[in-house]
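A.B. asks: After the structure tokens below, expect a handful of questions from me.
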Amino acid sequence: RVMPKGGEDDWALSEGERLVRKPAAYLAHDTSLGLRVTLHRPLRTLEEDSGEFIGASTLERRPFARAVFVFEYSDVGTLKAVNAAIDGVNNSALGESIQGSLRSHQLSKAQIAGAENAKLDVVCGFQIMDDHCRMIVLEGLAAAVRQITQAVPRQKANDKSCRILSDARGVCFHRRLYTAFNVDLKKIKLRDPLPILCEMPEIYNRTKVSPSCFEALHRLLAIRNSSRLEELQRLGLFPEVGMLLQVESKYGESISMEDITGLKQTKKKNRVSTRTRAGDPQKGEANNSGVAFDSGADKLLETSFEAGGGGLQQGGEAAAAAAEKPAEKPARRKGPTEHSNAAFEEAQRTRVATDFLAQRRDELDATLAAFEEKRLAKAQERANDTVPAKFTYSGQRLQYTELKRGELRAKLAREKNTHFTYSKGYLAAAVSLVDETRLNLDAANESKSRWKTKRGFVYPPPRKVEDFAKHERKPSDSRIDSLREPWVENELHPSPAARAVELPPGQADFDTIPSQGGELFGGLHEPKFERPYDSNNLGSERRLPRGRMDLAKNRGFWTSVHLTGSGLAKEQALTKKAEEAAWRSKVVVESLDFKVGGFVERDRPLQMDRTQDILKGPPLHKPLRIVHNARLPSGKKVPLAAPPISIFSLDSEEYKDPRDFTADLRPNDYSTFLARNAETGQPENFHTAIHRELRYAASHRITTNKRIIPQMHAGEKTGHHWHGGAP
């Protein structure tokens, strides 16, 4: 079926979709709808009421405000400024109740209730970040949000790199959304950029992405692309806490220190231990115990422990004395290690580095220049070529390779007594100086010219000069002759024969003419006028164009054409006989039978015609004449024997009935049969004709019914059909 424009097939809809698309029977069930409307403001404005409320105010409080910061991921300055402003507001609001730091502080139930009732001035929110962009949404009291936006002013007009949306005076809200995230911003790091996530097809699959998660992605993208905070408030595009948690669970990843602070973390270098086992005088010498000390203070530590009974005071004095003395160099226990190479260092200072990239660039430029030169030379060669390279496929008449071969043959044909080859080492790869294709075409054309005229068969034939002045729909000569004859109405469709009506004397015939008020309805003769038509009298009030019209009534117009009577069949037979005589008078052939060779052809051949030859008359074809006139060496003629009428007419073989194949089968052993006849109890063979009507046609199955007709009793054989009506 053809769906109308904008229509939708019902088969593609679910049961719920069909239910909502089909209007309910509200009128049939006397459904009524009640509507209750409540005004949030009085009908008169505050200016009309002189700033006074009439009764309790119905205006809902909107003490909270929100701000949106969208900037690049690498903009560390804006990130630090926003975090510092938020920390300043929250430190002032919480004061000494902060446990640990703001990042780890959890709001109590009383603090949450105060924040939601606009009594506790804290700022909450969340931060969505990816590899390219950061988006911070924060909320709090209008004064606190105004303080943060003043601390982070807008440096330029909003653009794609930085956008700040805030209007703490005109766009306010009546409740908080993000108190559950406490005083630290909820940080969510996305695995992929937000615009790419919103374009992924899987977010529309409800088995993978829940409706809340999909709605959160939609709202976050709308916030990132929006340019006015009032639009976000009017459309309700701020995501809920549960939505953000689903986004974090589905598309979030771990948070790094760079995501929190904006600064990249550098890897710490491994500290070199001051205690070594080498005998370097600058790093310390190894002692007998295998422990090296890098300063006199370390030696004092060992001395203080060796003092024993001197106590801490003696150890301290010894440490002070040792600190004043210069450190003594310990004795070297190993030979000096050669760790320097003057020749290598000199070579490093005087080494000139080879610029391999510059060499590759020079080689590339030289190669490109050589290629461009070859390309221009090849293009010039193609331009000067006398044979255009337009047809490159084999089988085409102007194929480039064949034309070039023809040009090569014409050039090499001038050389006499010379053999040309494509290879220097193989003489078999010779260049053919003869165009075999052209020779074959010439031979084919010559053969065709022997039986084909030069003019050939041309259809449609060219028109003559007098044909151009002839109308394209001019009738034929026979049609013109028939049109010259006088017209006879219904000549080819004569009226059917009808029976004459015979009525008793005084009985009126059936009147089939309708009447209207005693007058005939129609049935008029062709109107007659006083004079021929004259267009000069058109519009004249005194004289008509054709004069007065005479309408004569035709009483026989409505006479019935349905004939009755006993002569209808006779009239029809006479009419048919007259039609046959008229048709036979127009026959110009001698016989109406279709004959082939002067004989009437039968619908089917006679069986006796099998003894006759296929040919009628003597053979004319030479091979057939040779076969029919074959003779033996003695001169005796050998006629062809006629085929037998039937295979059973052969005298050499006598007809025998076909052998019964069941005679060669193993006889049945009834003692091994398990089936028994229910009446006789004798063993029975397998029943192989269970479904006897399986291969029968439907019309034949009716006659092969297994129903047994019971024999009639003597009491049923009564009535006039039995014994001449005797009981």
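The values are calculated or read from the model by the stated rules, or taken from the named source; none is laboratory data. Quick caveat: nothing in here was measured; it's all calculated off a predicted structure. No Cβ is skipped: glycine too gets one built from the backbone with ideal geometry, and neighbour counts run over all protein chains shown. Surface areas here come from the heavy atoms of the whole protein model, side chains and all, with no ligands, DNA or RNA. Shrake-Rupley method; radii C 1.70, N 1.55, O 1.52, S 1.80 Å.
A.B. asks: Under the condition of being in contact with a strand residue (DSSP E or B) (Cβ under 7 Å, 6 or more places away or on another chain) and assigned to a loop (DSSP other than H, G, I, E, B), which residue from the stretch 421-447 is surrounded by the fewest Cβ atoms within 10 Å (Cβ to Cβ)?
C.D. replies: Among them, the one singled out is 427.
A.B. asks: Checking residue 367 against (1) among the β-branched types (Val, Ile, Thr); (2) open to solvent by less than 100 Å² (accessible area, probe 1.4 Å); (3) within 30 Å of residue 438 (Cα to Cα), which single condition isn't satisfied?
C.D. replies: (3)
A.B. asks: Taking the criterion of being under 15 Å from residue 77 (Cα atoms), over 49 Å from the mean Cα position of the chain (by Cα) and not in a loop (DSSP other than H, G, I, E, B), would at least one residue in the stretch 122-139 satisfy it? First the steps, then the outcome.
C.D. replies: Within the stretch 122-139, the first condition is being under 15 Å from residue 77 (Cα atoms), and the residues that meet it are 133-136.
Narrowing further to those that are over 49 Å from the mean Cα position of the chain (by Cα): none.
Within the stretch 122-139, not a single residue is under 15 Å from residue 77 (Cα atoms), over 49 Å from the mean Cα position of the chain (by Cα) and not in a loop (DSSP other than H, G, I, E, B).
A.B. asks: All but one of (1) surrounded by 13 or more Cβ atoms within 10 Å (Cβ to Cβ); (2) in a helix (DSSP H, G or I); (3) among the charged types (D, E, K, R) hold for residue 202, so report the exception by its number.
C.D. replies: (1) is the only condition that residue 202 fails.
A.B. asks: Cβ contacts < 7 Å: first residue over 18 Å from residue 177 (Cα atoms), restricted to the stretch 214-241; second residue in a helix (DSSP H, G or I) and open to solvent by 40 Å² or more (accessible area, probe 1.4 Å), any location; separation 6+ or different chain. Result?
C.D. replies: 221/195
A.B. asks: For residue 481, are the conditions met, namely being of a type in the set (Asp, Glu), outside any helix (DSSP H, G or I) and open to solvent by less than 100 Å² (accessible area, probe 1.4 Å)?
C.D. replies: Details: of a type in the set (Asp, Glu): yes; outside any helix (DSSP H, G or I): no; open to solvent by less than 100 Å² (accessible area, probe 1.4 Å): yes.
No: the conditions fail for residue 481.
A.B. asks: Please specify each residue of the stretch 448-459 satisfying the condition of being part of a loop (DSSP other than H, G, I, E, B) and either touching a Ser or Thr at 6+ places or on another chain (Cβ under 8 Å) or open to solvent by 90 Å² or more (accessible area, probe 1.4 Å) (or both).
C.D. replies: 452, 453, 454, 455, 457, 459
A.B. asks: Still on this structure, please answer the following. Of all residues in the stretch 692-707, count the ones that are surrounded by fewer than 10 Cβ atoms within 10 Å (Cβ to Cβ), among the basic types (Lys, Arg) and at pLDDT below 70.
C.D. replies: Residues meeting the conditions: 2.
A.B. asks: What pairs come up if the first residue lies in the stretch 330-342 and is open to solvent by 100 Å² or more (accessible area, probe 1.4 Å), the second is modelled with pLDDT under 70, and their beta carbons are under 8 Å apart, counting only those six or more places apart or on different chains?
C.D. replies: Correct list of pairs: 332/279; 332/285; 333/279; 333/286; 334/279.
A.B. asks: Same structure again: Look through the stretch 342-382, keep the residues that are among the β-branched types (Val, Ile, Thr) and within 60 Å of the chain's Cα centre (by Cα), and return whichever of them is farthest from residue 404 (Cα to Cα).
C.D. replies: Looking at residues that are among the β-branched types (Val, Ile, Thr) and within 60 Å of the chain's Cα centre (by Cα), I get 354.
A.B. asks: Shifting gears a bit: Output the number of the condition that residue 382 fails; it satisfies all remaining conditions of (1) out of contact with any Ser or Thr (no Cβ under 9 Å at 6 or more places or on another chain); (2) open to solvent by 100 Å² or more (accessible area, probe 1.4 Å); (3) outside any helix (DSSP H, G or I).
C.D. replies: Only one criterion is unmet by residue 382, namely (3).
A.B. asks: Restricting to the stretch 520-538, and then to whatever is in a loop (DSSP other than H, G, I, E, B) and modelled with pLDDT under 85, can you tell me which residue is surrounded by the most Cβ atoms within 10 Å (Cβ to Cβ)?
C.D. replies: If we filter the stretch 520-538 for residues that are in a loop (DSSP other than H, G, I, E, B), which is where we start, we get 521-523, 525-527, 530-534, 538.
Checking which are modelled with pLDDT under 85 leaves us with 521-523, 525-527.
On the way: 521: 10, 522: 11, 523: 14, 525: 11, 526: 8, 527: 10.
Of everything passing the filter in the stretch 520-538, 523 is surrounded by the most Cβ atoms within 10 Å (Cβ to Cβ).
A.B. asks: Among the residues of the stretch 241-260, count how many are in contact with a helix residue (DSSP H, G or I) (Cβ under 8 Å, 6 or more places away or on another chain) and either closer than 24 Å to residue 87 by Cα or open to solvent by less than 60 Å² (accessible area, probe 1.4 Å) (or both).
C.D. replies: So the answer is 6.
A.B. asks: Determine which member of the set 415, 491, 446 is modelled with pLDDT of 85 or more and more than 60 Å from the chain's Cα centre (by Cα).
C.D. replies: Result of the check over 415, 491, 446: 415.
A.B. asks: Moving on to the next point. What number of residues within the stretch 663-691 are touching an Asp or Glu at 6+ places or on another chain (Cβ under 6 Å) and either open to solvent by 100 Å² or more (accessible area, probe 1.4 Å) or assigned to a helix (DSSP H, G or I) (or both)?
C.D. replies: Of the residues in the stretch 663-691, 0 are touching an Asp or Glu at 6+ places or on another chain (Cβ under 6 Å) and either open to solvent by 100 Å² or more (accessible area, probe 1.4 Å) or assigned to a helix (DSSP H, G or I) (or both).
A.B. asks: For the subset of the stretch 397-420 comprising residues that are assigned to a loop (DSSP other than H, G, I, E, B) and among the charged types (D, E, K, R), which member is surrounded by the most Cβ atoms within 10 Å (Cβ to Cβ)?
C.D. replies: Step by step, filter the stretch 397-420, then rank; the result is 415.
A.B. asks: Within the set of pairs 6+ apart or on separate chains, which have a first residue in the stretch 105-130 that is more than 18 Å from residue 175 (Cβ to Cβ), a second that is of a type in the set (Asp, Glu), and C-beta atoms under 8 Å apart?
C.D. replies: 105/184; 129/259; 130/192
A.B. asks: Now a separate question. Which residue pairs have Cβ atoms under 7 Å apart, sit 6 or more places apart or on different chains, and have a first residue in the stretch 347-360 that is of a type in the set (A, V, I, L, M) and a second that is assigned to a helix (DSSP H, G or I) and open to solvent by 100 Å² or more (accessible area, probe 1.4 Å)?
C.D. replies: none
A.B. asks: Moving on to the next point. For the stretch 76-110, give me the residue count where each residue is closer than 21 Å to residue 148 by Cα and in a helix (DSSP H, G or I).
C.D. replies: Summing the residues that are closer than 21 Å to residue 148 by Cα and in a helix (DSSP H, G or I) in the stretch 76-110 gives 20.
A.B. asks: Just the residues that are assigned to a strand (DSSP E or B) and either under 29 Å from residue 132 (Cα atoms) or open to solvent by 80 Å² or more (accessible area, probe 1.4 Å) (or both), please, taken from the stretch 154-177.
C.D. replies: The answer is 162, 163, 164, 165, 166.
A.B. asks: How many residues, within the stretch 211-235, are assigned to a loop (DSSP other than H, G, I, E, B) and either open to solvent by 40 Å² or more (accessible area, probe 1.4 Å) or at pLDDT below 90 (or both)?
C.D. replies: Qualifying residue count for the region: 2.
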